[in-house]
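Student: Submitted below is the structure of interest, expressed as structure tokens.
The values are calculated or read from the model by the stated rules, or taken from the named source; none is laboratory data. This is a predicted model, so every value here is computed, not measured. Methodologically, a virtual Cβ is constructed for each residue, glycine included, from the backbone with ideal geometry; neighbour enumeration extends over all protein chains shown. These area figures cover heavy atoms from the full protein model, side chains too; ligands, DNA and RNA do not enter into them. Shrake-Rupley method; radii C 1.70, N 1.55, O 1.52, S 1.80 Å.
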Amino acid sequence: HAMPRRSLRTGLSIAAAVLLAFASHGYHFGVSDQKLYLPAALRAVDPALFPHDAAFFTTEARFTLFDELVAGVLRAGVPLDVAMFAGQVVAITLVAAGARRVLTLAGCTAEAAWAGVVLLMLVLPSPVAGTRIGVLEPYLTPRGLAIGLALWAFALAIEGRPLAVVLLAAAGALHPLT
């Protein structure tokens, strides 16, 4: 019974960390970079949309499969706002759980690993040193998902698991610069 309880406790702790991130920073739909990614996703569903000046957003979106990923979810019948919010939940969950795993593999105690996750959740939108780019914005972008996948790829690489390469490739397909 120890393993299922520990897994349940870990899952609930990750959920609490995700809630902390949302409580601290909120969620913003359709702002900043999303103004580029949302039309690209909508146009991937219906190429007749945005017949004029599509270069404004397709130039940015051409380097990522994010618009196709979102378009696939939209084609499945999920409303755009729900898809983007759910994606943000997934991104933050991947980041929180991935950070916890990396900290644990680095030899941190369980308490220290959770302290690191809580700290990360609190500073997510803070700019990375020397840039104006936050660690993770309070809205879904391809970079948010890529960071979560890259953290898991790093953890799996430390463990010597080949799935790390697949996750790193997926992260690169979502945001090549991350």
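Student: Could you bin all the Cα-Cα distances of region 1-46 into 5 Å bins starting at 0 and give me the percent of pairs in each, rounded to whole numbers?
Tutor: Histogram of Cα-Cα distances, whole percents per bin: 6, 17, 12, 12, 12, 12, 12, 9, 6, 2, 0.
Student: For the chain, what does the helix formula give at 222 nm: sum of -39500 (n - 2.57) over DSSP H segments with n ≥ 4, over the residue count, nearest 500 deg cm²/dmol?
Tutor: Taking each H run of at least 4 residues, the total per residue is -22500 deg cm²/dmol.
Student: Chymotrypsin sites (Phe, Trp or Tyr not before Pro) within region 36-121: which are DSSP loop residues with at most 13 other Cβ atoms inside 10 Å? Could the numbers behind the result be given before it?
Tutor: Details: sites: Tyr37, Phe56, Phe57, Phe63, Phe66, Phe85, Trp114; in loops: Phe63.
Answer in residue order: Phe63.
Student: Then there's this: With a 1.4 Å probe and every protein chain kept in, tell me what percent of the accessible surface of region 115-178 is carbon plus sulfur. Each step should come with its number before you reach the end.
Tutor: Working: 2460 of 3260 Å².
Answer for region 115-178: carbon and sulfur cover 76 percent of the accessible area.
Student: While we're here: Count neighbours as other Cβ atoms within 10 Å of each site's Cβ, and list the trypsin sites (Lys or Arg not before Pro) in region 42-148 that are DSSP loop with at most 16 such neighbours.
Tutor: Those that pass, being in a loop and sparsely packed, are Arg62, Arg132.
Student: Averaged across orientations, what area in nm² does the convex hull of the alpha carbons in the chain project? Please report the intermediate quantities before stating the final value.
Tutor: Working: hull surface 46.5 nm².
So the Cα hull casts an average projection of 11.6 nm².
Student: Please compute the length gained on full extension between Phe22 and Arg62, using 0.36 nm multiplied by the number of residues separating them and subtracting their Cα-Cα distance. Display every interim value, and only then the final one.
Tutor: Numbers: separation 40, 0.36 × 40 = 14.40 nm, distance 2.94 nm.
Extending this stretch completely gives an extra 11.5 nm.
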